[in-house]
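Every number in this text was worked out from the coordinates using simple rules, so none of it is lab data. In this text the structure is predicted, and so the values were computed from the model without any measurement. All Cβ positions, glycine included, derive from the backbone under ideal geometry; neighbour counts span all protein chains shown.
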């Protein structure tokens, strides 16, 4: 088991996830300023690769939600994360990992990210 001792691994993960979050926020804001999501979606919907990519993304969000729903102890947290995943996608996923990392007790192994949260 790899421990997050001296917080090296935790810092590495936080930096990596924060970089992804920053990139996703930048790209999302830039795209939103260029064109609204509904306008772009209606224009792109006829493209088969757009539909395939959209389905791939949402099936992935659903798979991550199954893990989050298993990990979270309350129904309200599960509902909140479902809504966040379906509206924010990977931004919510990265946010969940960053939150989970901050909740790990010092010295907890990386497997702590994949254990159920206590009620």
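For helix 8-34, report the angle its Cα long axis makes with the longest principal axis of the Cα atoms of the chain; keep it between 0 and 90° and round to the nearest 10°.
20
For helix 48-71, report the angle its Cα long axis makes with the longest principal axis of the Cα atoms of the chain; keep it between 0 and 90° and round to the nearest 10°.
For 48-71 against the chain, the angle is about 30 degrees.
Using 0.36 nm per residue of separation minus the Cα-Cα distance, give me the extension gain between residue 80 and residue 103 in nm, one decimal.
6.5 nm
Between residue 115 and residue 67, what is the label-point separation in nm under the 7 Å Cα-to-beta-carbon projection?
Using points 7 Å along Cα→Cβ, the separation is 1.7 nm.
Nearest 10 degrees is fine. How inclined is helix 75-88 to the longest principal axis of the chain, computing both from alpha carbons?
40
Can you match Cα Rg over 2.2 N^0.38 Å to one of these, [x] 1.04; [y] 1.24; [z] 1.10, based on a calculation from the structure here?
[y]
In whole percent, what relative contact order does the range 8-104 give with Cα contacts below 8 Å and a gap of six or more residues?
Numbers: 37 pairs, mean separation 40.9, N = 97.
RCO, the range 8-104: 42 percent.
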